[in-house]
Amino acid sequence: MENAPLSPLEQRLIAHLQTIYPNLDTKELAERCLTTFHLDPATESPRPHRNLWDQSDIMLITYADTLRRKEEAPLETLHKFVKSKLSDSISAVHLLPFFPYSSDDGFSVMDYTTVNPSCGQWDHVSNLSKDFKVMGDLVINHCSSRSLWFENYKAGVNPGASFFYEADPSADLSAVVRPRTSSLLREVQTKNGEKHVWCTFSHDQVDLNFENPDVLLEFLRIIHLYLEKGIRWFRLDAVAFLWKVPGTSCINLPQTHEIIRLLRLMIEHYAPESVIITETNIPNQENLTYFGNANEAHLIYNFSLPPLLINSLVTGNCSHLKQWLMSMAPAQQGTTYLNFVASHDGIGLRPTEGLLSEWELETLINTMKRFGGKISSRTTPQGEAKPYEINISLWNALSGSAQQGPDQWQFARFLCAVGVMMALEGVPAFYIHSLFGTENDLDRVNNTGHYRSINRHIWDMEELEHALNTPTHHQKVFQSVTKLTQIRRAQPAFHPNATQYILHMGENLFAFWRQSLDRRQSLFAVYNMTDQPQHFNLSELNLIATDDWTDLVSEQVYEDRLGKVTLMPYQFVWLANKKGKIKSSV
């Protein structure tokens, strides 16, 4: 048995480990990995290039405790709301970190294996996974300085004694790319004397040392636990910073990509329907590398979309949005984009590098400040503070134009943004507050002292139910957005991997063509990105003369293939030659 031939899984696993840990016995380490993950070496590999999604997939992004009702676990409250109000609108729920934590609203994890008692328990997560796909966060780059691991690190005992990345403060670390302005190293007193630990994000978030294979094994245990609890989609948080080599940028290093490939190998062999998403808020070309050769992330966040789309809608000029999308290669089968306009974080500005000029970026920032937004900064390798993200709710971000300020088109502009996101190639993801049109929460900012709190409002369920059941903008947003989701989910041309072609209709009209995988449904999406009426001729769209064309949004039928169409400010049409049937769970 000692000399039994290695299975294909073992061979692939060893190859990854040899790249990551060239000086270790990788055959023995591979055995430990498989044992830790409860994975049979003889497990057959899943078929590559499978699309594990279709047009019906829409994701909800939410904290476990965004919705609260007295005397009820927030995870239970969330499950009830999503099941009763959103079953026709979404297929997946991204639960932001729901573990015990010490800061950063969950992203400073103290214990990866337990649910924060204030949110509920594992049964709540498992129950949710029976009705919806559940995406969990794997906060893999760092953990809390108040975790047991870090306490053990300071005491010199396991697990944790060598789990954290140390650096020499006299070393040249000037090339390190940072997303924050805090100092990179934190001085710590340990049993073995004074040490300096690496903190990419904050001094409460200490970076883990993946040079130690025990850290990798620990995360394999954690991932296996999540799989057992029903989680099938995995968001790898801040994964671009995972591997450190002093003297380099310490971002996007080859070992980081190799670890992602290894995790993908393990996860998809254990549960072939599982999906990995990398959270890499970096310039667009760097972000695209996380697809690998369809062997790393199944999905990557379209981080350039939020700033470019919001910029288009407040300036009335979609040139940069169009130019960016034209440069994006179609995702390979088995991979796609995750499209979003708002998230629990801010509107990232690094993904605009090379896309917006300094003047345009400054105009966008000043406009968002005018609408109540805050600006978070990072420190460049030259020691300069530079805007990193805009912190603002989507509702407020779209309250007016850069030229005129707040105006009467806020709702139309908001719905236009949502309409673009839902129609583009990829899987759309709604931050829960975008379903309600939640405003900036400045009180929460004052209470926490953190700008990101502006878009992390906590809704009391009685207040939310009242807002959704009375004539408020919250009700109008919720009804309009959920109607659009139901239309979108029925259209084969909106499959995440369906053909997409950007159309040239000037700087005021944003337009593209989608065609279903079987080529039966064609759909033209045309958006007025301005606060003035815009006109176009249907002849510009090359509509097939033998087909009937209907705007799925308004249900208007267009019989004159050469007719002129007028779009009111921020109005859009989804012109389709065939109408997909909208399913209802009611």
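Observations on the structure shown:
- Sequence-distant contacts, meaning Cα pairs under 8 Å at least 6 residues apart, place the relative contact order of the chain at 13 percent.
- In Å, descending, principal axis extents of the Cα set of region 123-230: 53, 31, 22
- Across Lys85/Lys483; Lys130/Lys476; Lys133/Lys579; Lys133/Lys322; Lys483/Lys578, pairs whose alpha-carbon gap is larger than 20 Å: Lys130/Lys476; Lys133/Lys579; Lys133/Lys322
- Ser162-Asn469 FRET efficiency (beta carbon distance; Förster radius 45 Å; 0.05 resolution): 0.20
- The convex hull drawn around the Cα atoms of region 228-376, when projected onto a plane and averaged over every direction, covers 10.6 nm².
- Taking Cα extents along the principal axes in Å as calculated from this structure, the corresponding entry among [x] 77, 56, 50; [y] 74, 63, 52; [z] 126, 58, 46 is [x].
- Over region 499-576, Cα pairs under 8 Å with separation of 6+ residues give a relative contact order of 31 percent.
- Distance between the 7 Å Cα→Cβ label points at Asp214 and Ser319: 5.8 nm.
- Between 0 and 90 degrees, the angle of helix 8-20 with respect to the longest Cα principal axis of the chain falls at about 80 degrees.
- Shown for region 299-384 is the translational diffusion coefficient from the Stokes-Einstein equation, using the Kirkwood radius over Cα pairs, a temperature of 20 °C and a viscosity of 1.002 mPa s: 151 µm²/s.
- In plain terms, the chain from Gln333 to Thr190 could stretch by 46.5 nm, reckoned as 0.36 nm per residue minus the Cα-Cα distance.
- Relative packing of 305-313, 553-561, 480-488, 538-546, which averages over residues the other C-beta atoms within 10 Å, highest first: 305-313, 480-488, 538-546, 553-561
- Ala294 versus Arg50: modelled label distance in nm, points set 7 Å from Cα along the beta carbon direction: 1.3 nm
- Measuring between their Cα centroids, region 427-468 and region 154-218 lie 34 Å from each other.
- Cβ-Cβ FRET estimate between Ser182 and His535, R0 fixed at 51 Å, reported to 0.05: 0.50
- Length released on extending from Lys578 to Thr35, taking residue separation times 0.36 nm less the Cα-Cα span: 190.4 nm
- Shape metrics for region 499-576, restricted to C-alpha atoms - Rg then Dmax, Å: 12.0, 37
- Once the Cβ-Cβ distance of Asn366 and Glu286 is raised to the sixth power relative to R0 = 30 Å, the FRET efficiency obtained is 0.65.
- Sorting 229-238, 289-298 by average packing, meaning the other beta carbons within 10 Å per residue, from highest down gives 229-238, 289-298.
- Whole-angstrom gap from region 74-93 to region 516-554, using each part's C-alpha centre: 33 Å
- Accessible area expressed per residue, the chain, with surrounding protein chains retained (probe 1.4 Å, Å²): 40 Å²
- The chain, accessible surface, carbon-and-sulfur percent (1.4 angstrom probe): 48 percent
- Nearest-20 debye value, the chain charge dipole, Cβ charges on Lys, Arg, Asp, Glu: 1020 debye
- Each helix, a run of at least 4 DSSP H residues, gives -39500 (n - 2.57); summed and divided by the residues of the chain, these come to -9000 deg cm²/dmol at 222 nm.
- Of all DSSP bridge pairs formed entirely within the chain, close to 60 percent run antiparallel.
The values are calculated or read from the model by the stated rules, or taken from the named source; none is laboratory data. In this text the structure is predicted, and so the values were computed from the model without any measurement. Reconstructed Cβ throughout: ideal geometry from the backbone, glycine too, with neighbour counts over all protein chains shown. Heavy atoms of the whole protein, side chains included, go into the accessibility calculation; ligands, DNA and RNA do not. Shrake-Rupley method; radii C 1.70, N 1.55, O 1.52, S 1.80 Å.
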